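Visitor: Sharing a structure here in structure tokens format.
The values are calculated or read from the model by the stated rules, or taken from the named source; none is laboratory data. This structure is a prediction, so every number in the text was calculated from the model and none was measured. Heads up, the Cβs are rebuilt from the backbone with ideal geometry, glycines too, and the neighbour counts pull from every protein chain shown.
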Amino acid sequence: MVHTHRIATTLLAGFLSIGAALTCPRVHAQDTSSGGDSYTPPSSNAKKRAPRDDAYSPPPDKRTYLQPLGTPTPSGGSDDMWSTHSSGGGNSDAGQSFRSDPSTAVMRDTIPPAVEKGDLAPVMSNDGSGLPYELWGGMDVNALEKLISTIEIPPLSPALHDLWKKLITSPSGSASSDNFTALRLEALYRSGLAREAAAEFAKQPAGDNPLLVSLEARNELAAGHADKACELVSRSATLKGSIPARLKGQVILMAGYCSEVQGDKAAAGLAADMAREEGVETSPGLQALDAFSVGAKPRYSAVKQISLLDYRIAERVGGLPHKLVLEKGEPALLVALATDHSTPVDLGLPATEAAARLNALTPEMLAGIYRVNAEKVPPDDLLNDRGPKGVPRRAALFKAAEDEQTPMRKARLIRAFLDDVKHEGLAMIGAKMISQAAANLQPAPEISWFAETGVEIGLATGRFDMARNWIQVADQGGGPGLGHWRALIDIADPNEPDRGRSFSALENYAANGRFPPVALYRLTTVMEALDYLVPIPLWDAANKVPQPTSGYLPETGVLTELQVASKKQEFGHTVLLVMKALGPNGAADANLIALGDSIRALKRAGLEADARRLGLEALLPTWPRTEMN
């Protein structure tokens, strides 16, 4: 291997030009206008009414911050296709009838409508992703880079994360340049998906591109291959070409890490100085290099985030407090800790949950780690809150629930596991982990108390038949019944054959105040966005409570851009704009305007199943539960 002092010196001479950074700070600006593309829930003087006979049927197939809900639409009426109410109180879709001139009725019947791109079915890819072949239409590398730099990745919404992961690992044929590849690899790394990035490198080697070689070096370090990473760092300094300023500083820090591994204090100190000259801000890694170069104990200042490289450099001089690493660690670091057998157990196990919370670790991976690390604890001890606590308890509950054969005890263990993971912000992930164990539990009257839990698991995992079977058991048990859950299945299942016929069960819940105001408005927002005719009693109940105005909204213009992109079926563009519109916490914390527009956009772009998953995520946390659960 090249001597590390020479590596650091060569880096200074080799990185001569600096390109545009792959990422930049996120921007959130306060807004005061809706941009003309937002959804406004109805007020008492503007209800969307339908004849009673078809109130539950879908309409005919013709079809950072904004102002508070209920603010009047800017002058000029409401000709926007996403608007819910026109100035005349009529329909809002592009297929709405003309308002005044009777002669237009003849025109409408005799002139064939123009065919737009949004009216045509997209050409689907044959790679099994479920996405269209042309993903990045309407965007070049610069536009894509700029948009990605302003969104929170990985998205906390499971539905959006699945879409994001498909997008970033499924490039279209027209987006295959080295710059586009580098952007995708950077996005994968930031999302904690180093394994997926490694697969991309295997398909398309870095060759002599210094940018790709540098990215591969960082990825090898994430995989725990320090020798390979240092070899690539040395190689990148000898290649001609430019790398972005942000990555340039990281490569210099990696050279310092390699010097640290070899015990070369002078080279480590030189790398620290060079990194500062390149604009690298104070970080635990930089401070650890300084301390190592003079043989002192490092003193760390507060930081917003700890990178994988920071952790590896600091590890050589005593490490960082585990609590700080779990709170501030970037996704790549948390995944590396969760999957590295050398990580101390008291750090590795909590890191698995922290990574899963960021969607950087899949439910299947978390389940596998639970199985390997689960203590064998008698089920009765777990059910009576004896035995281990924290992550070890959740691992033991998960393993016990999988292994248990007695239906009653199995149901209790599953319920206990879900209660525990819910308190850790892992409700949806926990449901996916335990879904197979729940599927092995045959619905029966003697465990009808478990029915609502079974419905929740079925909904969260897309096992809609499981959910319907448990509803049937509950209905036969003589209890309060779970008809309102059947309505939620109707919303979530893209293949529901009898759509909209279950909504009558919601009327009693709304009339009796079972829906909190926020939940009620979220329900009507999702239903409207999915083109249901909402039952009038739901509107009446909503109009009796104040309209919620909380939740995240993006800066001016994002929702308008989202509308245009979805109309043109620019799929990648639409998904990224939905991520930006909903904000860092996804559908559960988005303002109703952003939520409704995002669901509409996904549906219009041809991603209806994903639109319904997003609607489910918005509704499930606050959906009314019964006492039988």
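Visitor: Here are A237, A268: which of them is assigned by TED's automatic domain parsing to the domain that holds G318, touching a Leu at 6+ places or on another chain (Cβ under 6 Å), modelled with pLDDT of 90 or more and crowded, with 18+ Cβ neighbours inside 10 Å? Step through it out loud before you land on a result.
Guide: On the way: A237 fails: modelled with pLDDT of 90 or more.
It is A268.
Visitor: I'd like to verify a number: residues in region 414-437 that are more than 20 Å from S157 (Cβ to Cβ) and either assigned by TED's automatic domain parsing to the domain that holds E617 or surrounded by 24 or more Cβ atoms within 10 Å (Cβ to Cβ) (or both), how many?
Guide: Looking only at that region, the number is 3.
Visitor: Can we say T352 is assigned to a loop (DSSP other than H, G, I, E, B) and of a type outside the set (A, V, I, L, M, F, W, C)? Don't jump to the end; show me each part of the working.
Guide: Working: assigned to a loop (DSSP other than H, G, I, E, B): no; of a type outside the set (A, V, I, L, M, F, W, C): yes.
No, not satisfied.
Visitor: Exactly one condition in (1) within 22 Å of the chain's Cα centre (by Cα); (2) among the aliphatic types (A, V, I, L, M); (3) modelled with pLDDT under 85; (4) more than 28 Å from A588 (Cβ to Cβ) is not met by L183; state its number.
Guide: It fails just one condition, (3).
Visitor: Please enumerate the residues belonging to region 243-291 that are in a helix (DSSP H, G or I) and polar (S, T, N, Q). Let's see the steps before the verdict.
Guide: Within region 243-291, the subset in a helix (DSSP H, G or I) is 245-261, 265-277, 284-291.
Listed by number, the residues that qualify are Q250, S259, Q287.
Visitor: OK, next. Provide a single number: the residues in region 492-521 that are in contact with a Pro (Cβ under 8 Å, 6 or more places away or on another chain), part of a helix (DSSP H, G or I) and of a type outside the set (A, V, I, L, M, F, W, C). Give the derivation first.
Guide: Let us first name the residues in region 492-521 that are in contact with a Pro (Cβ under 8 Å, 6 or more places away or on another chain), namely 499-500, 503-504, 506-507, 509-511, 514-515, 517-519, 521.
Okay, now just the ones that are also part of a helix (DSSP H, G or I), so 504, 506-507, 509-511, 517-519, 521.
Now narrow it down to the ones that are of a type outside the set (A, V, I, L, M, F, W, C): 504, 507, 509, 517, 521.
Summing the residues that are in contact with a Pro (Cβ under 8 Å, 6 or more places away or on another chain), part of a helix (DSSP H, G or I) and of a type outside the set (A, V, I, L, M, F, W, C) in region 492-521 gives 5.
Visitor: Can you find, within region 587-604, the residue that is farthest from P155 (Cα to Cα) among those that are touching a Gly at 6+ places or on another chain (Cβ under 8 Å) and of a type in the set (A, V, I, L, M, F, W, C)?
Guide: Within region 587-604, the first condition is being touching a Gly at 6+ places or on another chain (Cβ under 8 Å), and the residues that meet it are 587, 589-592, 594-595, 599, 604.
Retained after the next criterion (residues that are of a type in the set (A, V, I, L, M, F, W, C)): 587, 590, 592, 594-595, 599.
On the way: A587: 10, A590: 13, L592: 18, A594: 16, L595: 15, I599: 16 Å.
Per the stated criteria, the residue is L592.
Visitor: Can you tell me which residue in region 504-514 is surrounded by the most Cβ atoms within 10 Å (Cβ to Cβ), limited to those that are in contact with a Leu (Cβ under 8 Å, 6 or more places away or on another chain) and either under 8 Å from A487 (Cα atoms) or not small (G, A, S) (or both)?
Guide: First, pick out the residues of region 504-514 that are in contact with a Leu (Cβ under 8 Å, 6 or more places away or on another chain): 506-507, 510.
Pick out the ones that are also either under 8 Å from A487 (Cα atoms) or not small (G, A, S) (or both) and you get 506-507.
On the way: L506: 27, E507: 19.
If we take residues in region 504-514 being in contact with a Leu (Cβ under 8 Å, 6 or more places away or on another chain) and either under 8 Å from A487 (Cα atoms) or not small (G, A, S) (or both), then L506 is surrounded by the most Cβ atoms within 10 Å (Cβ to Cβ).
Visitor: Scanning for something under 17 Å from the mean Cα position of the chain (by Cα) and under 19 Å from D610 (Cα atoms), does region 543-566 turn up at least one residue?
Guide: no
Visitor: In region 574-595, which residues are more than 17 Å from the chain's Cα centre (by Cα) and under 25 Å from R486 (Cβ atoms)?
Guide: Across region 574-595, the qualifying residue is only L592.
Visitor: When you scan region 384-408, how many residues do you find that are more than 29 Å from the chain's Cα centre (by Cα), surrounded by 16 or more Cβ atoms within 10 Å (Cβ to Cβ) and assigned to a helix (DSSP H, G or I)?
Guide: Count: 2.
Visitor: Give K248, K304 a once-over and let me know the one that is assigned by TED's automatic domain parsing to the domain that holds A338 and surrounded by fewer than 19 Cβ atoms within 10 Å (Cβ to Cβ). Before the answer, list the steps.
Guide: Details: K248 fails: surrounded by fewer than 19 Cβ atoms within 10 Å (Cβ to Cβ).
Every option except K304 fails the conditions.
Visitor: Something else about it: Just need a number here: residues in region 484-529 that are of a type in the set (G, A, S) and under 24 Å from D610 (Cβ atoms).
Guide: Keep residues of region 484-529 that are of a type in the set (G, A, S), which gives 487, 492, 500, 502, 504-505, 510-511, 513, 519, 529.
The next check asks that each one be under 24 Å from D610 (Cβ atoms); those that pass are 487, 492, 500, 502, 519, 529.
Residues flagged as of a type in the set (G, A, S) and under 24 Å from D610 (Cβ atoms) within region 484-529 amount to 6.
Visitor: Still on this structure, I have one more. Select from region 307-349 the residues that are of a type in the set (D, E) and part of a loop (DSSP other than H, G, I, E, B) and write down the one among them that is surrounded by the fewest Cβ atoms within 10 Å (Cβ to Cβ). Quick ask: steps written out before the conclusion?
Guide: Initial filter on region 307-349 (of a type in the set (D, E)): 310, 315, 327, 330, 340, 346.
Filter once more, so that each one left must be part of a loop (DSSP other than H, G, I, E, B): 330, 340.
Details: E330: 21, D340: 14.
Looking at residues that are of a type in the set (D, E) and part of a loop (DSSP other than H, G, I, E, B), I get D340.
Visitor: Further, regarding this structure: In region 201-218, how many residues are out of contact with any helix residue (DSSP H, G or I) (no Cβ under 8 Å at 6 or more places or on another chain) and of a type in the set (K, R)?
Guide: Result for region 201-218: 1.
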